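These notes concern the structure reproduced below.
The values are calculated or read from the model by the stated rules, or taken from the named source; none is laboratory data. Given the structure is predicted, the values throughout are model-derived calculations rather than measurements. Every residue, glycine among them, receives a Cβ derived from its backbone with ideal geometry; neighbour counts consider all protein chains shown.
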Amino acid sequence: MESQPSGTPPVPGTTAGGSAEALRHLPGHIAAALAGAGGPTDSAGQPWAGRSLSGDDARIHSFEDDDGTADAGYLTARSEFLAGDGSEAGIVASLATARVFVPILAQLAEEGGGAVGAHGDTLHGDKQADMALVTLKAPDGRTAMPVFTSAATLQAWHPEARPVAVYAARAALSAVAEGAELLVLDPGSDFTFVVRRPAVWALAQQRTWTPSYADPELARSLGEAAVGFPAVRRVEIHPGGGVASRGADGRQLPGGGSGPELRVLLYLEDGLDAAGVQSIAAGLNGAWARNETVAERVDSIEIKLQRAAE
């Protein structure tokens, strides 16, 4: 069966799914979230507006004495992940205390027009905006926020973007406020990693994130919902087909994909016709969408059917 997004509880003050704009004016709540770690002025109180984004003006102004390199804890987690000794949960855990960079554009295109990024992304803007936070559209149409582990990776992605240093938890909070369900870590680089919605929410709330496919409490919730369907003999959870990502060398990596990240395997009694199978699948999808645990901890599900052993 085709994968389906799980139910997504709305975030107060936002609309689930985000805006259709790829680049927006920096709103007040984002400016507040970035207070002390960048914003409309540098650390000396001088506005970014009107500056060129090259030469001496391209220096990092956010964290004191920040050299723009990637966080050491993140680099360790990434090395373990690439070597096959780590996990995507380890990558997300390393971000909990890491400094990252969000791209800010200080010069916007004319109203109704758009600038083209280094990798073909169209960046639309309002000509009245002095500062703008960049968001992207994922292939499934959802809003994604790009974040970068170093100033160099950001500059390689978009040379005119201002790297504003923030803690990853604060970047996640800004993403939630903007209606972005995904964080895309270092897009266009040798190692791009997608942080899916439940992990984004966990970072924003400074909670530990457990992948849905490794969550025993979630497994219990999914199984309990199936109790009302006697033809379902057993429910199992596994990593979905969209968990994996590809490294620069083409190797498949065990995490960082955009989803679906959860595969639910239903063992059904023999003898069901197509209508019966469809009825069970539809009923379970509805029950899971209404389940708070499932809605909060699952980004997207794919269902696979298996005949139960005699």
| note | Scanning the stretch 246-256 for residues that are at pLDDT below 95 and either among the polar types (S, T, N, Q) or under 14 Å from the mean Cα position of the chain (by Cα) (or both) gives Gln252
| request: Considering each of Leu203, Leu268, Leu272 in turn, give the residue that is surrounded by fewer than 20 Cβ atoms within 10 Å (Cβ to Cβ), in contact with a Leu (Cβ under 7 Å, 6 or more places away or on another chain) and in contact (Cβ under 8 Å) with a residue 24 or more places away in the chain. | output: Leu268
| query | Pairs, please: C-beta under 6 Å, at least 6 apart or cross-chain, first residue within 11 Å of Gly256 (Cα to Cα) and in the stretch 177-190, second acidic (Asp, Glu) and assigned to a loop (DSSP other than H, G, I, E, B)? | reply | none
| task | Would you tally the residues in the stretch 206-215 being touching a Ser or Thr at 6+ places or on another chain (Cβ under 9 Å) and surrounded by fewer than 18 Cβ atoms within 10 Å (Cβ to Cβ)? | result | 1
| task | Would you be able to say whether some residue in the stretch 265-281 is modelled with pLDDT of 95 or more, in contact with an Asp or Glu (Cβ under 7 Å, 6 or more places away or on another chain) and in a loop (DSSP other than H, G, I, E, B)? | result | no
| query | Counting only residues that are without any contact (Cβ under 8 Å) to a residue 24 or more places away in the chain and either under 23 Å from the mean Cα position of the chain (by Cα) or under 28 Å from Arg197 (Cα atoms) (or both), how many does the stretch 279-297 have? | reply | 2
| task | Determine whether Val102 is touching a strand residue (DSSP E or B) at 6+ places or on another chain (Cβ under 9 Å), closer than 13 Å to Ser150 by Cα and either among the aliphatic types (A, V, I, L, M) or not in a loop (DSSP other than H, G, I, E, B) (or both). | result | yes
| message | Looking at the structure I just gave you, is Arg307 among the charged types (D, E, K, R), more than 19 Å from Ala202 (Cβ to Cβ) and in contact (Cβ under 8 Å) with a residue 40 or more places away in the chain? | response | yes
